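**Q** Following this message is one structure expressed as structure tokens.
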Amino acid sequence: MIAENINHIKQEVGHNVKLVVVSKFRTISEIQDAYDAGHRLFAENKVQPLLERYEALPKDIEWHLIGHLQTNKVKYITPFIQTIQSVDSLKLLIEINKQALKDARVIECLLQIYIAQEDTKFGLSKEECIALLNADELKTLNNIKITGIMGMATFTDDLQQVEREFKSLKSFFDELKAQYNLPGFETISMGMSNDYNLAIACGSNLIRVGTKVFQ
Ligand SMILES: *Cc1c(COP(=O)(O)O)cnc(C)c1O
């Protein structure tokens, strides 16, 4: 049962960790069930399904995007998206800012950091992330707010490797927070169905859970 699953996870993780329910591949009625259980924070990884679900579901849902975003699709989501967790270039950030300005909105952005030992995942290396934060142009972007970082661990059964990757993301977050004066830079998005407890133990304060909610 979706409601029980959500309540169970919320109790397990406590008040200091935000649960984003990942609704990709689910039906509108499954998502509606989660909504009816009181949940309001959902994420999709692709623009087209996100638009369809935004249209079909109640408008007080807070939507996050967690998958790769092409610059030519930014304009479709800026009217309503709350947070884009998958920002992986300055070019993308500039486009988000431009479209958000047209919509008179400020959009929260997480920088997606590449921590996995796989080359199938999108994201910035730590060096690229630092270069982005050092860019002069960033100061002119008033319609975006960088509120933290997001990362995905390697898809592996080796929990020690996953733990190393989560710890490395947390220490990178701490470094950035100390180094840069970014108001509201508070979010470390890491942890999915299989590894959210480990992620939280390593310092995550936002988990993205799909399978375990809808199973
Ligand atoms: C699908 C997805 C999740 C959720 O994964 P589950 O294993 O179903 O919990 C989390 N983050 C991202 C970026 C995803 O694409």
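**Q** Of all residues in segment 123-150, how many are charged (D, E, K, R) and surrounded by 14 or more Cβ atoms within 10 Å (Cβ to Cβ)?
**A** Going through segment 123-150 one residue at a time, the tally reaches 3.
**Q** Let me ask something else. Give the number of residues within segment 175-209 that are out of contact with any helix residue (DSSP H, G or I) (no Cβ under 6 Å at 6 or more places or on another chain) and more than 14 Å from Gly151 (Cα to Cα).
**A** So the answer is 13.
**Q** Kindly list, by first and then second residue, each pair from a residue in segment 14-42 that is over 15 Å from Ala3 (Cβ atoms) and among the polar types (S, T, N, Q) to a residue that is assigned to a loop (DSSP other than H, G, I, E, B) and away from the ligand (no atom under 13 Å from the Cβ), limited to pairs with Cβ atoms under 9 Å and residues at least 6 apart or on different chains.
**A** Listed by first residue and then by second, the contacts come to Asn16/Asn205.
**Q** Can you find, within segment 21-42, the residue that is surrounded by the fewest Cβ atoms within 10 Å (Cβ to Cβ) among those that are outside any loop (DSSP other than H, G, I, E, B) and touching a Phe, Trp or Tyr at 6+ places or on another chain (Cβ under 7 Å)?
**A** Result: Glu30.
**Q** Also, quick follow-up: What is the one condition in (1) within 16 Å of the ligand (Cβ to nearest atom); (2) surrounded by fewer than 22 Cβ atoms within 10 Å (Cβ to Cβ); (3) of a type in the set (Val, Ile, Thr) that Ile61 does not satisfy?
**A** (1)
**Q** Filter segment 151-166 down to residues that are part of a helix (DSSP H, G or I) and within 16 Å of the ligand (Cβ to nearest atom) and give me whichever is surrounded by the fewest Cβ atoms within 10 Å (Cβ to Cβ).
**A** Leu159
**Q** Condition first: outside any helix (DSSP H, G or I) and touching a residue at least 12 places away in the same chain (Cβ under 8 Å). Now tell me which residues in segment 1-13 satisfy that.
**A** none
**Q** Just for segment 167-197: of the residues that are part of a loop (DSSP other than H, G, I, E, B) and within 14 Å of the ligand (Cβ to nearest atom), which one is nearest to Leu124 (Cα to Cα)?
**A** Met190
No lab work stands behind these numbers, since they all come straight from the coordinates. Remember, it's a predicted structure, so these values are computed and weren't measured experimentally. Counting neighbours? That spans all protein chains shown, and the Cβs are built from the backbone with ideal geometry, glycine included.
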